[in-house]
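A quick write-up on the structure given underneath.
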Amino acid sequence: MSNYRHDAHPEDRTEPYLVAHPAEAVAAAVPKIRLRGVVKHFGSKHVLDGVDLDVAAGHSTVILGGSGSGKSVMLKCMLGLIVPDAGTIEIDGRDVLRMNRREREAVNDRIGMLFQNAALFDSLPVWENVAFKLLAQRRMTRAQARERAAEVLTLVGLAPSVGDLSPSELSGGMQKRVGLARAIAAEPDIIFFDEPTTGLDPIMGAVIDGLIVDCVRRLGATAVSITHDMASARRIGDTAAMLYQGRIVWTGPAEYLGHTGNDIVDQFANGERDGPIQMELRR
Amino acid sequence: MIHPLDPVATLGRGVLGACRTAGDVALFALDGLSHLVRPPFYGRLFLRAFIDFAYYSLPVVALTAVFTGMVLALQSYTGFARFNAQGAVANLVVLSMTRELGPVLAGLMVAGRVGAAIAAELGTMRVTDQIDALTTLSTNPMKYLVTPRLLAATVALPLLVLVANILGVLGGYLIGTTKLGFSSGAYLSATLDFLHWDDVVSGLVKAAVFGFVIALMGTWNGYSSRGGAQGVGSATTSAVVSSSVLILALDYLLTELFFAR
Ligand SMILES: Nc1ncnc2c1ncn2[C@@H]1O[C@H](COP(=O)(O)OP(=O)(O)O)[C@@H](O)[C@H]1O
Ligand SMILES: [Mg+2]
């Protein structure tokens, strides 16, 4: 716990929030995901500059940060899509950066991901998108996978008939729902959401947030969500962490966002122009 | 300090960059080929790529071949007439088509048609995160996107070239019999008399190599594209330009290999 930077809310200082749920406090002792000193440069651009982060099992963690601050890069490092220049990433206590391809694939089999722009396969109908992982893992026949896709589409509030459409025929909100369905169809232990509500109207955003909370709870999964929408962060997150200048500068309960006592987080959460964060218009 | 326009530095950087790219492409190709022997195999995707390469390229390759055969007959006739060697027209048409023009023209046409489409499709998949999405969905993107296309192109091009050869000879035959005054039997027997099996085989080997190169350049440029719509556009351009240049260069090398005695 020594690295768990928890700047408690002033009124809560005597009782760290994790102790309120003893079962989860034990789980938090072995983080589901643990990043230490993760560094990633693209050329001369230092995107991640020593990220330390613990994600407690069964918790929903939101990562906050400005556009271009490296949130997506951080998620892609956890997924093995980008290899960090330095640092360690552990999932279930095992260093995923030192695994061979097969071990890494086995870890990824248990992870679901909703990409920022849904990243649906436009060459396949919606149902095959949703059932893609089930078919890839040869867990079921095409007929069974199709049934399962219809079930999962219903879970995210879409009619099974949507399964026959092509992703390009769907609105942004529907694409996000299909992306969510695809992420949860194989019942992962860990789910990543990259800006699930960006680009949606506020009501659709709230609906997607609700679906995310439901799905994560139903699966009992560990969730890591990226967002810069405060309302969304408070709705989805148990814990929040702020990524700023390539590091996690604050971690704490999501409900404190806006009055955490950390100037950087408070400026970001309240959308103030003046404060420690200066918009870097040029890098 | 080195001036940015220093020609020596520019040349050096260019050579180093080209070497690095060649190494990257070679590793990419080896990775793609290694999935040929590692299950799972995507037969459906192979079939789709094969149909794209072979069936949908047929019209454009066929037209090119017929007209090329016709032009060859016409041009060679006027040339050979000066030496009273008109009889060599059928010979020239069949040898040029099978050894050179069949594979090269089919290769260039397919590079422009399918190579460009592959680069654009994979490039779009890259910049919209669809390739990353494959990895998160228990699917190796090399195996899923690259290997089926490499194999399909390598198999499809020789078949296309076989058709192109026949149609090219047919084009020459049409001009020979309708405009140049050859009798049908004489033209055909002249064609077959001069044709040797290794002319055809060397052309088909070339075609297989060109097919592989087209698919490799298409997939590699698409796979490694960056930076939105513009990146996809330049990936498509590089796929066509690099595969066309490589086809012509490899054509020379393979000809040297087959026919230099
Ligand atoms: N593959 C890449 N190559 C070069 N630069 C990249 C790459 N991926 C991301 N970046 C850069 O890293 C920075 C952070 O990107 P990203 O993580 O997508 O930001 P965000 O926090 O908005 O998700 C951006 O400036 C982006 O240009
Ligand atoms: Mg992002």
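The values are calculated or read from the model by the stated rules, or taken from the named source; none is laboratory data. In this text, all values refer to a predicted model and were calculated from it rather than measured experimentally. In this analysis, Cβ positions are derived from the backbone assuming ideal geometry, glycine residues included, and neighbour counts consider all displayed protein chains. Surface accessibility is based on the protein's heavy atoms, side chains included, excluding ligands, DNA and RNA. Shrake-Rupley method; radii C 1.70, N 1.55, O 1.52, S 1.80 Å.
Is there a residue being aliphatic (A, V, I, L, M), under 19 Å from B:Leu162 (Cα atoms), more than 14 Å from the chain's Cα centre (by Cα) and surrounded by fewer than 19 Cβ atoms within 10 Å (Cβ to Cβ) anywhere in segment B:201-219?
Yes, that holds for at least one residue.
Within 16 Å of ligand 2 (Cβ to nearest atom), closer than 18 Å to A:Met113 by Cα and either open to solvent by less than 50 Å² (accessible area, probe 1.4 Å) or more than 12 Å from the chain's Cα centre (by Cα) (or both) - does that describe any residue in segment A:208-225? Break it down into steps so the answer makes sense when it comes.
Initially, segment A:208-225 is screened for residues within 16 Å of ligand 2 (Cβ to nearest atom), giving A:224-225.
When the remaining residues are screened for being closer than 18 Å to A:Met113 by Cα, the result is A:224-225.
Of the ones still in play, those that are also either open to solvent by less than 50 Å² (accessible area, probe 1.4 Å) or more than 12 Å from the chain's Cα centre (by Cα) (or both) are A:224-225.
Yes, some residue in segment A:208-225 is within 16 Å of ligand 2 (Cβ to nearest atom), closer than 18 Å to A:Met113 by Cα and either open to solvent by less than 50 Å² (accessible area, probe 1.4 Å) or more than 12 Å from the chain's Cα centre (by Cα) (or both).
Enumerate the pairs (first residue in segment B:247-261 and within 18 Å of B:Leu157 (Cβ to Cβ); second residue anywhere and in a helix (DSSP H, G or I) and hydroxyl-bearing (Ser, Thr, Tyr)) with beta-carbon separation below 7 Å, excluding pairs fewer than 6 apart on the same chain, so at least 6 apart or on different chains.
B:Phe258/B:Ser202
Looking at (1) surrounded by fewer than 24 Cβ atoms within 10 Å (Cβ to Cβ); (2) within 14 Å of chain B (Cβ to nearest Cβ); (3) not polar (S, T, N, Q), which is the only condition A:Val178 fails?
Of the numbered conditions (1) surrounded by fewer than 24 Cβ atoms within 10 Å (Cβ to Cβ); (2) within 14 Å of chain B (Cβ to nearest Cβ); (3) not polar (S, T, N, Q), the odd one out for A:Val178 is (1).
Restricting to segment B:160-182, give me the number of residues that are hydroxyl-bearing (Ser, Thr, Tyr) and at positive phi.
Start the filter on segment B:160-182 by keeping residues that are hydroxyl-bearing (Ser, Thr, Tyr), which leaves B:173, B:177-178.
Next, from what is left, pick out any that are at positive phi: none.
Of the residues in that region, 0 qualify.
Can A:Val62 be described as among the β-branched types (Val, Ile, Thr), more than 10 Å from chain B (Cβ to nearest Cβ) and either crowded, with 18+ Cβ neighbours inside 10 Å or over 22 Å from the mean Cα position of the chain (by Cα) (or both)?
Numbers: among the β-branched types (Val, Ile, Thr): yes; more than 10 Å from chain B (Cβ to nearest Cβ): yes; either crowded, with 18+ Cβ neighbours inside 10 Å or over 22 Å from the mean Cα position of the chain (by Cα) (or both): yes.
Yes, satisfied.
Identify, from the list A:Glu169, A:Glu90, A:Glu147, the residue that is open to solvent by 80 Å² or more (accessible area, probe 1.4 Å) and within 28 Å of A:Thr227 (Cα to Cα).
Working: A:Glu90 fails: open to solvent by 80 Å² or more (accessible area, probe 1.4 Å); A:Glu147 fails: within 28 Å of A:Thr227 (Cα to Cα).
So the residue among A:Glu169, A:Glu90, A:Glu147 that is open to solvent by 80 Å² or more (accessible area, probe 1.4 Å) and within 28 Å of A:Thr227 (Cα to Cα) is A:Glu169.
Just a yes or no: is a residue in segment A:190-212 within 14 Å of chain B (Cβ to nearest Cβ), in contact (Cβ under 8 Å) with a residue 60 or more places away in the chain and away from ligand 1 (no atom under 16 Å from the Cβ)?
Checking segment A:190-212: at least one residue is within 14 Å of chain B (Cβ to nearest Cβ), in contact (Cβ under 8 Å) with a residue 60 or more places away in the chain and away from ligand 1 (no atom under 16 Å from the Cβ).
Please list, ordered by residue number, the helices (runs of 4 or more DSSP H) wholly in segment A:171-283 having 1 or more residues that are touching a His at 6+ places or on another chain (Cβ under 7 Å). Quick ask: steps written out before the conclusion?
Values: elements: A:172-184, A:202-219, A:230-236, A:263-270.
Because the criterion is at least 1 residues that are touching a His at 6+ places or on another chain (Cβ under 7 Å), the helices (runs of 4 or more DSSP H) in segment A:171-283 that meet it are A:263-270.
Taking the conditions exactly as written (buried (at least 21 other Cβ atoms within 10 Å of the Cβ), within 14 Å of chain B (Cβ to nearest Cβ), more than 20 Å from the chain's Cα centre (by Cα) and not aromatic (Phe, Trp, Tyr)), does A:Leu134 satisfy them or not?
Values: buried (at least 21 other Cβ atoms within 10 Å of the Cβ): yes; within 14 Å of chain B (Cβ to nearest Cβ): yes; more than 20 Å from the chain's Cα centre (by Cα): yes; not aromatic (Phe, Trp, Tyr): yes.
Considered against the rule, which asks whether it is buried (at least 21 other Cβ atoms within 10 Å of the Cβ), within 14 Å of chain B (Cβ to nearest Cβ), more than 20 Å from the chain's Cα centre (by Cα) and not aromatic (Phe, Trp, Tyr), A:Leu134 comes out as yes.
Consider A:Lys40 carefully, then state whether it is within 16 Å of ligand 1 (Cβ to nearest atom), open to solvent by less than 50 Å² (accessible area, probe 1.4 Å) and touching a Cys at 6+ places or on another chain (Cβ under 8 Å). Spell out how you get there, then give the answer.
Values: within 16 Å of ligand 1 (Cβ to nearest atom): yes; open to solvent by less than 50 Å² (accessible area, probe 1.4 Å): yes; touching a Cys at 6+ places or on another chain (Cβ under 8 Å): yes.
Against the criterion (within 16 Å of ligand 1 (Cβ to nearest atom), open to solvent by less than 50 Å² (accessible area, probe 1.4 Å) and touching a Cys at 6+ places or on another chain (Cβ under 8 Å)), A:Lys40 qualifies.
Tell me, please, whether a residue that is in contact with a Phe, Trp or Tyr (Cβ under 7 Å, 6 or more places away or on another chain), within 14 Å of another protein chain (Cβ to nearest Cβ) and surrounded by fewer than 24 Cβ atoms within 10 Å (Cβ to Cβ) can be found in segment B:150-167.
First pass over segment B:150-167, keeping only residues in contact with a Phe, Trp or Tyr (Cβ under 7 Å, 6 or more places away or on another chain): B:150-157.
Pick out the ones that are also within 14 Å of another protein chain (Cβ to nearest Cβ) and you get none.
So far as segment B:150-167 goes, no, none of its residues is in contact with a Phe, Trp or Tyr (Cβ under 7 Å, 6 or more places away or on another chain), within 14 Å of another protein chain (Cβ to nearest Cβ) and surrounded by fewer than 24 Cβ atoms within 10 Å (Cβ to Cβ).
In segment B:131-140, which residue that is in a helix (DSSP H, G or I) and free of Cβ contacts under 8 Å to residues at least 60 places away in the same chain is farthest from the other protein chains (Cβ to nearest Cβ)? Give the derivation first.
Within segment B:131-140, the first condition is being in a helix (DSSP H, G or I), and the residues that meet it are B:131-136.
Filter once more, so that each one left must be free of Cβ contacts under 8 Å to residues at least 60 places away in the same chain: B:132-136.
Working: B:Asp132: 5, B:Ala133: 4, B:Leu134: 8, B:Thr135: 6, B:Thr136: 4 Å.
Looking at residues that are in a helix (DSSP H, G or I) and free of Cβ contacts under 8 Å to residues at least 60 places away in the same chain, I get B:Leu134.
Provide a single number: the residues in segment A:233-247 that are surrounded by fewer than 22 Cβ atoms within 10 Å (Cβ to Cβ) and within 30 Å of A:Arg217 (Cβ to Cβ).
4
Under 20 Å from A:Leu243 (Cβ atoms), at pLDDT below 90 and away from ligand 2 (no atom under 16 Å from the Cβ), is that true of A:His59? Steps first, answer last, please.
Numbers: under 20 Å from A:Leu243 (Cβ atoms): yes; at pLDDT below 90: no; away from ligand 2 (no atom under 16 Å from the Cβ): yes.
In short, no.
State all residues of segment B:119-130 that are within 14 Å of chain A (Cβ to nearest Cβ), among the hydrophobic types (A, V, I, L, M, F, W, C) and open to solvent by less than 10 Å² (accessible area, probe 1.4 Å); if no residue qualifies, say none.
Taking segment B:119-130 first, the residues within 14 Å of chain A (Cβ to nearest Cβ) are B:120-130.
Narrowing the set further to residues that are among the hydrophobic types (A, V, I, L, M, F, W, C) leaves B:120, B:122, B:125, B:127.
Hit for segment B:119-130 is B:Leu122, nothing else.
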